[in-house]
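To start, the structure under review is shown below, and the notes come after it.
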Number of protein chains: 2
Amino acid sequence: MPKISRKGQLMPSSPIRKLVPYAEQAYKDGKTVYHLNIGQPDIKTPEVAMDAVKNTSLDILAYSRSEGSEGYRKKIAQYYAKNDIHVDHNDIIVTTGGSEALLFAFGSIMDSDDEIIIPEPFYANYNGFSTASDIKVVPVISKIEDNFALPAIEEFEKLITDKTKAILICNPGNPTGYLYSREEIKKLEAIVKKHDLFLIADEVYREFVYDGNEFYSIMQEEGLEEHAIMIDSVSKRYSMCGARIGYLVSKNKEVIKTALKFAQARLSPPTLAQIAAEAALDTPQSYFDDVIVEYVKRRNTLIKELKTIEGLKIAEPKGAFYCIVELPIKSADHFAQWLLESYEYNKQTVMVAPAAGFYSTPNMGLNQIRIAYVLNEETLIKAVHILKEALKVYPN
Amino acid sequence: MPKISRKGQLMPSSPIRKLVPYAEQAYKDGKTVYHLNIGQPDIKTPEVAMDAVKNTSLDILAYSRSEGSEGYRKKIAQYYAKNDIHVDHNDIIVTTGGSEALLFAFGSIMDSDDEIIIPEPFYANYNGFSTASDIKVVPVISKIEDNFALPAIEEFEKLITDKTKAILICNPGNPTGYLYSREEIKKLEAIVKKHDLFLIADEVYREFVYDGNEFYSIMQEEGLEEHAIMIDSVSKRYSMCGARIGYLVSKNKEVIKTALKFAQARLSPPTLAQIAAEAALDTPQSYFDDVIVEYVKRRNTLIKELKTIEGLKIAEPKGAFYCIVELPIKSADHFAQWLLESYEYNKQTVMVAPAAGFYSTPNMGLNQIRIAYVLNEETLIKAVHILKEALKVYPN
């Protein structure tokens with residue numbers, strides 16, 4: 001029997017999906033499971049986006065241009081201009097989700113065994129994309145005590161080798177909810193310039209910023225043009241995760257030229273989804289205002305409720321819709337499975353994401369979970385109450 | 001300025017897309033350009049598929065399962081059963097086009113510097129996917145004189161090394177139109193078993209088989225279960241190239257388990273496209289019958305017209321909708337560019353795909369072009385007439 005690859009063996013399983021069989025069993029056992037584990041918002045997709053698809057007059061579902069249509073990219077550039085990010089439509093490649101934008105970025109700037117430094121905890125799939133690209137993630141540890149702020153720049157310096165090609169941040173952060181300040185971006189600018197590295201920023205949660213804080217993009221930083229690669233996606237912005245439309249954006253012409261070759265090999269991003277995503281750019285501002293009000297309420301409710309539980313450490317999120325919580329337990333993996341398998345409170349339980357999957361350093365975050373506040377307030381209150389009751393009886 | 005990767009430098013440009021600027025200029029110059037170069041059929045997408053999207057009642061465009069919904073995969077398994085291919089729905093992963101299925105297959109079974117043997121000429125993007133996966137294509141030459149039949153198995157044997165992990169075929173072939181016989185599949189079976197290799201078959205043109213010939217899938221071959229990986233796509237079957245839905249199919253559980261990890265990292269295939277593709281499975285048989293009749297007419301017309309040109313060598317296609325033609329010229333690259341840039345016949349010209357991009361051996365196929373017969377008969381007659389007139393005056 002022929003063997004699968006070393007790379008294939010090393011590919012991580014999703015830290016969330018491995019709990020799915022337990023959740024399915026819980027449902028079969030008649031339990032209601034509140035999902036605090038996934039970033040699939042319950043917010044409706046803008047009607048303007050769905051209507052564009054429903055009203056399409058296409059009779060041949062043909063390939064689009066590999067980089068996305070010129071018209072669509074021009075509209076994207078206008079959207080960025082409104083967000084004080086000034087790019088040309090030729091600086092943009094439309095991709096199949098932010099996932100593909102990351103794969104194109106990794107492929108364009110890194111070869112086998114090259115290294116990328118990422119503050120951890122980080123979006124778990126960065127591990128998968130790195131393994132698929134045969135590159136090495138070098139984590140730099142950020143701490144729950146600092147709300148997961150940027151680690152001291154000396155910590156990055158210590159990790160840089162001949163193999164280091166890039167630093168990757170997620171801003172605002174999944175799973176941390178941390179929002180990098182302009183000063184932190186400037187520190188990153190200094191180090192990538194000093195060592196001639198790329199700075200990749202996954203900015204898919206750009207709009208999800210709270211408390212009057214301002215989002216600062218790496219694309220706004222003058223002097224970073226040749227280093228900056230922005231990853232973007234319509235998934236969360238317009239609650240259209242299933243569209244699978246993202247963008248790779250860079251003013252570095254070589255990067256765009258190279259990423260375009262990867263894009264050409266796979267022919268084109270999905271056509272129907274591009275129709276929806278292009279129309280979504282016309283979503284009225286009121287939609288976003290309502291969404292932000294909703295998420296702020298949810299976050300406030302979540303944090304308030306969590307604070308009624310003793311012994312928790314909470315990293316208060318300034319953006320995105322995730323929150324890392326440290327529990328007074330040993331193994332969040334075991335706890336998450338136990339919640340689904342062995343626990344119920346009035347026939348209800350909760351599903352949480354163990355945070356260890358968001359670290360690449362072994363044995364980090366073992367007692368942490370990620371909570372996604374993508375449920376309405378009433379449900380969040382119920383879910384946290386269940387969590388509280390569960391912790392009282394959990395055989396630690 | 002930070003450098004792009006070696007891999008990025010090596011990524012091939014599409015052999016077709018590099019002619020696009022010349023085509024655009026030709027249009028600007030007021031010329032009508034007949035596209036014999038691309039595999040984008042002019043056949044309408046089945047109405048049942050487009051209607052499913054237009055009538056969707058989804059209000060949140062959410063992620064689907066990474067491997068595609070169970071319901072959809074069960075329907076796919078039924079489609080295969082009708083084609084005498086017996087697989088379980090768990091043997092199927094829904095991918096973002098056949099492109100992604102190939103990338104998942106390559107990633108699952110090969111590491112950096114591993115080798116894959118492919119009869120050439122082959123679908124040009126196999127080069128791109130191989131470079132992106134950092135693996136090496138080892139071509140085995142098939143010949144226009146044999147209509148590009150399977151090369152002698154000894155030619156494969158000569159190329160097998162410790163690094164060889166797989167043989168890849170496209171059946172029916174793009175760009176050759178060749179249909180492998182059951183005997184040829186059996187020869188491949190013997191060699192992959194002898195050397196413990198995988199056999200990947202890109203069978204996206206399965207339905208496009210003419211003259212009463214029968215298509216024989218690697219999935220029909222008993223004893224090949226652990227070796228066979230089938231790549232499939234809805235792009236050509238239902239004229240929905242822009243959907244970006246494909247499948248990876250294998251009875252090898254390790255392959256599926258591994259490919260699923262790649263699938264999970266990128267979250268899910270596009271949701272709207274899956275709605276269309278699932279509905280497309282209900283396309284009435286009359287649609288396919290009409291399509292096949294149409295392609296047979298087109299192929300017959302194309303071949304008949306081409307035979308009126310002196311000095312051509314034509315590989316007569318038994319399937320797919322491509323045909324390789326050897327021209328009495330030195331450089332098809334130059335000829336293709338000249339057709340767009342410097343030639344016109346009553347304000348008209350043709351765009352062809354130089355075949356060198358379908359070879360990985362240097363200097364092969366330099367005087368060959370690929371013609372896609374995806375245009376109606378009337379247009380094909382016009383286009384071949386222009387080609388004939390052009391060859392008379394081309395300054396070779």
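Computed over the Cα atoms, what is the radius of gyration of the protein assembly as shown divided by 2.2 N^0.38 Å, N being its residue count? Spell out each step's value before the answer.
Details: Rg = 26.9 Å, N = 792, 2.2 N^0.38 = 27.8 Å.
In units of the globular-protein estimate, the protein assembly as shown measures up at 0.97.
Straight-line reach only, C-alpha to C-alpha below 19 angstrom: list the aspartates and glutamates that A:Lys31 could link to, leaving out same-chain residues fewer than 8 apart.
Leaving aside aspartates and glutamates fewer than 8 places away in the same chain, those within reach of A:Lys31 are A:Glu341, A:Glu344, A:Glu378, A:Glu389.
Give me the number: length gained by fully extending A:Lys3 to A:Glu389, i.e. 0.36 nm times residue separation minus the C-alpha to C-alpha distance, one decimal in nm.
Numbers: separation 386, 0.36 × 386 = 138.96 nm, distance 4.72 nm.
Contour length minus Cα-Cα distance gives 134.2 nm.
Determine the percent antiparallel among the DSSP beta bridges restricted to chain A, to the nearest 5.
The antiparallel fraction comes to roughly 45 percent.
Might you report the magnitude of the Cβ-based charge dipole of the stretch B:58-280 about its Cα centre, with Lys and Arg at +1 and Asp and Glu at -1, to the nearest 20 debye? Let's see the in-between values first.
Working: 24 positive and 35 negative charges, 135 e Å.
Dipole size: approximately 640 debye.
What's the average, rounded to a whole number, of partner chain beta-carbon atoms within 10 Å of each residue's beta-carbon in B:55-67?
Whole-number average of other-chain Cβ neighbours for B:55-67 is 6.
Would you tell me the mean number of C-beta atoms belonging to other protein chains that fall within 10 Å of each C-beta in B:233-241, as a whole number? Each step should come with its number before you reach the end.
Values: counts 0, 1, 4, 0, 0, 1, 4, 7, 8.
Other-chain Cβ atoms within 10 Å of each residue's Cβ, averaged: 3.
Considering every Cα-Cα pair within the stretch B:223-293, what fraction, in whole percent, is farther apart than 20 Å? Mind showing how you got there, number by number?
Working: 1105 of 2485 pairs.
Taking all Cα-Cα pairs of the stretch B:223-293, the fraction more than 20 Å apart is 44 percent.
What residues does the stretch B:248-269 have that are buried by at least 30 Å² of accessible area in the full protein assembly compared to the chain on its own, 1.4 angstrom probe?
Residues shielded by partner chains are B:Glu254, B:Thr258, B:Lys261, B:Phe262, B:Gln264, B:Ala265, B:Arg266, B:Leu267.
Of A:Tyr247, A:Leu224, A:Ile85, which is farthest towards the positive pole of the stretch A:58-280's charge dipole, taken about the Cα centre with +1 and -1 on the beta-carbons of Lys, Arg and Asp, Glu respectively?
Ranked along the dipole, the leading option is A:Tyr247.
So how tilted is helix B:70-82 from the main axis of chain B? Cα-based, degrees 0 to 90, rounded to 10.
In chain B, helix B:70-82 runs at an angle near 60 degrees to the longest axis.
Given points 7 Å out from each Cα along the Cα-Cβ axis, report the B:Ile153 to A:Ser342 separation in nanometres with one decimal.
With each label placed 7 Å out from Cα toward Cβ, I get 5.7 nm.
The stretch A:351-387: which chymotrypsin sites (Phe, Trp or Tyr not before Pro) are DSSP loop and have at most 13 other beta-carbon atoms within 10 angstrom? Display every interim value, and only then the final one.
Details: sites: A:Phe358, A:Tyr359, A:Tyr373; in loops: A:Tyr359, A:Tyr373.
Sites meeting the loop and neighbour criteria: none at all.
Shielding by partners for B:132-139, please: the mean number of other protein chain Cβ atoms within 10 Å of each residue's Cβ.
Partner Cβ neighbours, averaged per residue: 3.
Using Cα pairs under 8 angstrom and six or more residues apart, how large is the relative contact order of chain A, in percent?
Here the relative contact order equals 26 percent.
For a label point 7 Å from the Cα of A:Ile141 along Cα→C-beta, name the residues of the stretch A:331-366 whose backbone N is under 18 Å from it.
Under cut-off, by backbone N: A:331-332, A:355-366.
Among the listed pairs A:Lys236/B:Lys54; A:Lys18/A:Lys44; B:Lys304/B:Lys347; A:Lys18/B:Lys75; A:Lys163/A:Lys194, which have their C-alpha atoms separated by more than 18 angstrom in this model?
A:Lys236/B:Lys54; A:Lys18/A:Lys44; B:Lys304/B:Lys347; A:Lys18/B:Lys75
Just to confirm the numbers: A:His334, label point 7 angstrom along the Cα-Cβ line, distances to the other copies in nm, shortest first?
Spelled out, the distances from A:His334's label point are 7.5 nm.
Using alpha carbon centroids, what distance separates the stretch B:352-396 and the stretch B:82-130, in Å?
So the separation of the two Cα centres works out to 28 Å.
Determine, for each peptide in B:19-25, B:107-113, the mean count of other beta carbons within 10 angstrom over its residues, then list the peptides with the highest first.
Numbers: B:19-25: 16.1, B:107-113: 22.4.
Descending mean neighbour count gives B:107-113, B:19-25.
Taking all pairs of different Cα atoms in the stretch B:47-119, averaging 1/r and flipping that mean, what Kirkwood radius in angstroms comes out?
15.1 Å
Can you tell me the 0 to 90 degree angle between the C-alpha axis of helix A:377-393 and the longest principal axis of chain A, rounded to 10?
For A:377-393 against chain A, the angle is about 50 degrees.
Using only the Cα atoms of the stretch A:1-112, build the gyration tensor, take square roots of its eigenvalues as a ≥ b ≥ c, and label the shape rounded, prolate or oblate: rounded if a/c is under 1.5, else prolate if a/b is larger than b/c, else oblate.
Taking the square roots of the gyration eigenvalues as a ≥ b ≥ c, the stretch A:1-112 is oblate.
Mind pulling up the Rg/Rh value for the stretch A:215-355? Radius of gyration and Kirkwood radius, both on Cα.
On the Cα set of the stretch A:215-355, Rg over Rh gives 1.07.
Using a label position 7 Å from Cα in the Cα→Cβ direction, what is the ascending list of nm distances from B:Ile141 to the same site in the other copies?
Distances to the matching label points in the other copies: 6.0 nm.
Could you give the spread of the C-alpha atoms of chain A along their three principal axes, from largest to smallest, in whole angstroms?
58, 58, 54
What aspartates and glutamates does B:Lys136 reach when the alpha-carbon gap must be under 16 Å and sequence neighbours fewer than 8 apart in one chain are set aside?
In chain and number order, the partners are A:Asp111, A:Asp134, B:Asp111, B:Asp113, B:Asp114, B:Glu115, B:Glu120, B:Asp162.
Is the stretch A:180-264 best put as rounded, prolate or oblate by its Cα gyration tensor, with a ≥ b ≥ c the root eigenvalues, rounded for a/c under 1.5, and otherwise prolate when a/b is larger than b/c, oblate when not?
Judged from the Cα gyration tensor, the stretch A:180-264 comes out oblate (a/c at least 1.5, b/c at or above a/b).
In the stretch B:14-42, what residues drop by 40 Å² or more in accessible surface going from the chain by itself to the full protein assembly, probe 1.4 Å?
B:Arg17, B:Gln40
List residues of the stretch B:250-270, by number, whose backbone nitrogen lies under 17 Å from a label position 7 Å along Cα→C-beta of B:Asn90.
B:250-261
Sorted from shortest, what are the nm distances separating the label point of A:Lys388 from equivalent points in the other copies, each placed 7 Å from Cα along Cα to C-beta?
Between copies, matching label points for A:Lys388 lie 8.6 nm apart.
Just the number please: accessible area per residue for the stretch A:58-280, 1.4 Å probe, all protein chains included, in Å².
Per-residue value: 30 Å².
Which three numbers, in whole Å and largest first, are the semi-axes of the equivalent ellipsoid of the stretch B:58-280 derived from its Cα gyration tensor as √(5λ)?
So the three semi-axes of the stretch B:58-280 are 28, 19, 16 Å.
Work out the length of the dipole vector of the protein assembly as shown about its Cα centre, built from +1 on the beta-carbon of each Lys and Arg and -1 on the beta-carbon of each Asp and Glu, and round it to the nearest 20 debye.
20 debye
So who's got an amide H within less than 5 Å of the one on A:Val204, skipping anything under 5 residues away but keeping other chains? H placed 1.01 Å off N, in plane.
Residues meeting the amide H criterion: A:Asn171.
Using the 2.2 N^0.38 Å rule of thumb for compact globular proteins, work out how the stretch A:22-77 stacks up: its C-alpha Rg over that value, please.
So the stretch A:22-77 has a normalised radius of gyration of 1.90.
Considering only the other residues whose Cβ falls under 11 Å of the Cβ of B:Ala280, what net charge follows from Lys and Arg at +1 and Asp and Glu at -1?
That works out to -2.
Ranking request for peptides A:98-105, B:316-323: highest mean number of other beta-carbon atoms within 10 Å first, then the rest in descending order.
The most tightly packed comes first, giving A:98-105, B:316-323.
Quick check: the angle from helix B:271-280's long axis to the longest principal axis of chain B, C-alpha only, nearest 10 degrees?
Tilt relative to chain B: about 80 degrees.
Please report the buried accessible area for the interface of B with A, total over both chains, probe 1.4 Å, in Å² to the nearest 100.
Separately minus together, B and A give about 6300 Å² buried.
Positive end of the charge dipole of the stretch B:58-280 (Lys, Arg +1 and Asp, Glu -1 on Cβ, about the Cα centre): tell me which of B:Phe104, B:Thr271, B:Ser142 has its Cα farthest that way.
Checked the options; the winner is B:Thr271.
What percent does the relative contact order of the stretch A:279-396 come to when contacts are Cα pairs within less than 8 Å and at least six residues apart?
30 percent
Hey, quick one: spin label on A:Glu47, modelled 7 Å out along Cα-Cβ, who in the stretch A:274-309 has an amide N within reach, i.e. under 19 Å?
Taking a point 7 Å out along Cα→Cβ of A:Glu47, the residues of the stretch A:274-309 whose backbone N falls under 19 Å are A:276-292.
Which trypsin sites (Lys or Arg not before Pro) does the stretch A:107-201 hold that lie in a coil by DSSP with at most 11 other beta carbons within 10 Å?
Of the trypsin sites (Lys or Arg not before Pro), the ones in loops of the stretch A:107-201 whose Cβ has at most 11 other Cβ atoms within 10 Å are A:Lys143.
For the stretch A:58-280, what proportion of DSSP beta bridges, expressed in % and rounded to the nearest 5, is antiparallel?
Here the share of antiparallel DSSP bridges comes out near 30 percent.
Of the accessible area of the stretch A:58-280, with the probe set at 1.4 angstrom, what percent is carbon plus sulfur?
Exposed carbon and sulfur together represent 48 percent of the surface.
I'd like the Karplus ³J(HN,Hα) series for the stretch B:239-252: coefficients 6.51, -1.76, 1.60, θ = phi - 60°, whole numbers in Hz, and an x wherever there's a Gly or Pro.
6, 9, 4, x, 5, 6, 10, x, 9, 10, 10, 7, 8, 7
The values are calculated or read from the model by the stated rules, or taken from the named source; none is laboratory data. Treat the numbers as computed from the prediction; the structure is a model and nothing was measured. Note that each Cβ is placed from the backbone with ideal geometry, even for glycine, and that neighbours are counted across all protein chains shown. To get the accessible areas, we keep the full protein, side chains included, count just its heavy atoms, and leave off ligands, DNA and RNA. Shrake-Rupley method; radii C 1.70, N 1.55, O 1.52, S 1.80 Å.
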